[in-house]
Amino acid sequence: MTAIWQDIGFIRWPMTFAILWIVGLSLYSASQLFRPGAHASLRTKAWLDGILFWGAFTALTGVLGSLLGIIIAFQSVEAAGAVSPGLVAGGAKVALLSSAFGFLALGAASIGWYALHMRWRLLEARAG
């Protein structure tokens, strides 16, 4: 797993920042929604919706990392001249890791958001 993280390249830092926001917002929202006497406040809903924003940001950052990785790989191929197809495929694989990781983070953020959003809706229905 550490090797994959290293292979992603510099784009891993904004992705890490976004993942930390996802985790923080998820923990904060859960603490607000599952505490005794919890109610469906709009402030909690705003923080809750931030989970999806940062999940989408992570996915878009992953796609950006893939595009930059492919561009860098093709620039290297162009500079080297003739290279083996296996080398090009290996470069493309590494470049696509950031997209895969970004969409994995979006999937996890979406599941967490959905679970917490359902709790918020239940609290809202109970109050109404």
If you go through 31, 26, the only one that is surrounded by fewer than 15 Cβ atoms within 10 Å (Cβ to Cβ) and closer than 21 Å to residue 109 by Cβ is 31
So, residue 86, is that one surrounded by 13 or more Cβ atoms within 10 Å (Cβ to Cβ), over 15 Å from the mean Cα position of the chain (by Cα) and not hydrophobic (A, V, I, L, M, F, W, C) or not? no
Scanning the range 57-116 for residues that are part of a helix (DSSP H, G or I) and β-branched (Val, Ile, Thr) gives 58, 61, 63, 70, 71, 72, 77, 88, 94, 111
When the range 29-56 is checked residue by residue, the ones that are part of a helix (DSSP H, G or I), over 18 Å from residue 103 (Cβ atoms) and either within 22 Å of the chain's Cα centre (by Cα) or touching a residue at least 60 places away in the same chain (Cβ under 8 Å) (or both) are 29, 30, 31, 33, 44, 45, 46, 47, 48, 49, 50
Residue 56 vs (1) within 21 Å of residue 23 (Cβ to Cβ); (2) touching a His at 6+ places or on another chain (Cβ under 8 Å): all pass except (2)
Of those in the range 1-28 that are of a type in the set (Val, Ile, Thr), in a helix (DSSP H, G or I) and touching a Leu at 6+ places or on another chain (Cβ under 7 Å), the residue farthest from residue 59 (Cα to Cα) is 4
The residue from 56, 105 that alone is crowded, with 21+ Cβ neighbours inside 10 Å and either in contact with a Phe, Trp or Tyr (Cβ under 8 Å, 6 or more places away or on another chain) or modelled with pLDDT of 90 or more (or both) is 105
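The values are calculated or read from the model by the stated rules, or taken from the named source; none is laboratory data. As the structure is a prediction and not an experimental result, all values here were calculated from the model. With ideal geometry, Cβ positions are generated from the backbone for all residues, glycine too; neighbour counts draw on all protein chains shown.
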